[in-house]
Amino acid sequence: MSGVTAFRIGEAAQLLGVSADTVRRLIDGGRLTATRDEHGHRVVDGADLAAYVRSGGDHGGVRSSARNRLRGIVTAVTRDTVMAQVELQAGPFRVVSLMSREAADELGLEVGQVAVAVVKSTTVVVEVP
């Protein structure tokens, strides 16, 4: 391990947007490497976690040039005759998308449904806490 940052299973799961059980399965299946910290907890090295993400992870077989995928729950859908506004809560992030009414209807978007916001942008602001 590089020693820079190590994430516990729950933290790694949160960063990947999956359950802790999924991270455990990734480790047990050899797709992600973990070691034990001084307390005996399994931890994933930050560089190893980043390498897993860079390798493409698993997006359900969908291939895309967009690299920013936020899985969440639809919290609101407002439709008019031409357009629809769809709000998605992806972890701590609220994502709002404007699309045609036809697209929203074709996707069957409804409140409570799981969806993925895929973002492709020429400008991305990065902040560090």
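Annotations
- ALA34 vs. criteria of a type in the set (A, V, I, L, M), within 19 Å of the chain's Cα centre (by Cα) and surrounded by 12 or more Cβ atoms within 10 Å (Cβ to Cβ): no
- Pair list, Cβ under 9 Å, 6 or more apart: region 91-115 residue surrounded by 15 or more Cβ atoms within 10 Å (Cβ to Cβ), other residue among the acidic types (Asp, Glu): VAL95/GLU87; SER97/GLU87
- Of all residues in region 38-74 being β-branched (Val, Ile, Thr) and not in a loop (DSSP other than H, G, I, E, B), the one that is modelled with the lowest pLDDT: VAL53
- Wholly enclosed strands (runs of 3 or more DSSP E) of region 75-129 bearing at least 3 residues touching a Pro at 6+ places or on another chain (Cβ under 9 Å): none
The values are calculated or read from the model by the stated rules, or taken from the named source; none is laboratory data. Keep in mind that this is a model prediction, so the values were computed, not measured. When we count neighbours, we look across all protein chains shown, and the Cβ atoms used for this are built from the backbone with ideal geometry, even at glycine.
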